[in-house]
Amino acid sequence: MHRRKTKKVFFADVAVGGDSPISIQSMTNTKTHDVKATVEQIIRPTGLIDPKLLIKPAKGQINDLIKRIEKKVEKKERVLVTTLTKKMAEDLSGYLQDKNFKVKYLHSDIETLDRIKTLTKLRRGDIDIIVGVNLLREGLDLPEVTLIGILDADKEGFLRSFTSLIQVIGRAARNVKGKVILYADKKTKSLKQAIKETERRREKQIDYNKKHNITPKTIIKDISDIIPIEVDEVLNIESKPLPENKEQIKKSINKKEKEMRIAAKELNFELAAILRDEIKELSKKLKNKKNEKEN
């Protein structure tokens, strides 16, 4: 019997989306016993390093955040803020609007096309701040963002798990001025891990840049790139009626899964998100059809 081996190597590449520390695993062919390689993407060709982290008390976090936002807005830079609930996102957005900030909130109840439009407005400077619950699903690539505020970072749970924290932190890695404020009164296990991992990555990135004489550069991306397909095409996808027949639903799911993979491969994350949401709806519909048949 052959033992399957795993090796870890470091190489220069660009992580998809927010440059978070992800691994790409090649599938092992059990018949030919090919080696399974885990590749960790840390070094970026642009020389960009993971953002600086700053831990601040959760008590008084809103007042501290507002002061920091004011400084960023003066410099025409953008800000992302993550909350724990939709209600908190809406309330904070309203509070910031009352203080004359240009702000919008994002969460799962908002239609995909509206989310894309909001992200475009942020990049153009029509708004300066986006407040959201789980900003990971947006496939965010926002080089104008220089500050991310993570509220209640010490509340252990899915939204403040190690993986979620490290991915949100990665959203600020598209700009050389990127910084993340973690508001916490205590350091949870996830928070400690996220801080340690970010410091490890920064150390490797800085060392690599020094050895290769690389000066970090902010990602330059056209504003229109936020919507990689025509708006009409998005509208067509969202307005198209879902099939009723069970076999049609299955075919539609298979077709959309292929389209989603192609969109993701081409880095068209917004289109991939629309297709993903449609697949979810179709899957629910298929499940309901099965339940109806059983009853």
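Readers should treat all values here as calculations from the given coordinates under stated rules, not as data from a laboratory. No experiment lies behind these values; they were computed from the predicted model shown. Cβ: placed from backbone, ideal geometry, glycine included. Neighbour counts: every protein chain shown.
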Just a yes or no: is a residue in the stretch 154-166 crowded, with 18+ Cβ neighbours inside 10 Å, under 18 Å from ILE69 (Cα atoms), in contact (Cβ under 8 Å) with a residue 24 or more places away in the chain and not hydroxyl-bearing (Ser, Thr, Tyr)?
no
Please name all residue pairs, on different chains or six or more residues apart, with Cβ atoms under 6 Å, provided the first residue is in the stretch 250-262 and is of a type in the set (Val, Ile, Thr) and the second residue is surrounded by 14 or more Cβ atoms within 10 Å (Cβ to Cβ).
ILE253/ILE279; ILE253/LEU282
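Kindly provide the set of residues from the stretch 93-126 that are within 20 Å of ASP64 (Cα to Cα) and surrounded by fewer than 20 Cβ atoms within 10 Å (Cβ to Cβ), ordered by number.
Taking the stretch 93-126 and keeping what is within 20 Å of ASP64 (Cα to Cα), we get 93-105.
Result: GLY94, TYR95, GLN97, ASP98, LYS99, ASN100, PHE101, LYS102.
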